[in-house]
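Below: the structure, in structure tokens.
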Amino acid sequence: MKPVNLLKYGDAIGIISPSWVANRNDYEKYAKGIESLGFRVKFGRNIYKDTYRYTASTEERADDLNGMIYDDNIKMVFFGGGYGSVDLLPYIDYNKIKENPKLFLSYSDGTSILNAIYAQTGIMTYYG
């Protein structure tokens, strides 16, 4: 199943980091690039936390992902990959994703989250 709504000019894209501490300078550049295309950007509130030194805690990272899932203004959730993303799988609110489908885009080991979302909800996700 494809998400009902595709991105439109002015939509909000949520950016999280489920596997490592995001580099503020890099992510601010990414946000400016996305905003220059006519979209709004919202970062997960734990994206720069280093609770485990290399990443935020599992609960903090899951909170960022679910926060984007619960936010009706977010139309796409974008995140990178990495080994730690698999830790989030038991914490994802798949039922809420079914109720309010969004676009999910990732790469590398983020496919563990993408594949889990597809397997649990039937909603198409995007790798790239």
Practice task
Go through the residues of segment 59-75 one by one and say whether even a single one is free of Cβ contacts under 8 Å to residues at least 60 places away in the same chain, out of contact with any strand residue (DSSP E or B) (no Cβ under 9 Å at 6 or more places or on another chain) and among the basic types (Lys, Arg).
Solution key: no
Fill in the blank from the handout: Among residues of segment 25-56 being modelled with pLDDT of 95 or more and of a type in the set (Lys, Arg), the residue surrounded by the most Cβ atoms within 10 Å (Cβ to Cβ) is Lys42
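Conditions (1) under 18 Å from Ile13 (Cβ atoms); (2) in a loop (DSSP other than H, G, I, E, B), marked per residue:
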position: Arg45; (1), (2): yes, yes
position: Lys49; (1), (2): no, yes
position: Ala56; (1), (2): no, yes
position: Pro90; (1), (2): no, no
position: Gly110; (1), (2): yes, no
Exercise for the section: Tell me which residues, restricted to segment 43-71, are touching a helix residue (DSSP H, G or I) at 6+ places or on another chain (Cβ under 8 Å), within 19 Å of Lys96 (Cα to Cα) and not small (Gly, Ala, Ser). Expected result: Glu59, Arg61, Leu65, Asn66, Ile69, Tyr70
Handout entry: Set Lys8, Lys32: member being within 20 Å of Tyr127 (Cα to Cα) and not polar (S, T, N, Q)
Key = Lys8
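The values are calculated or read from the model by the stated rules, or taken from the named source; none is laboratory data. For clarity, every value in this text was computed on a predicted model and none was experimentally measured. Positions of Cβ are generated from backbone atoms using ideal geometry, with glycine treated the same way; all protein chains shown enter the neighbour counts.
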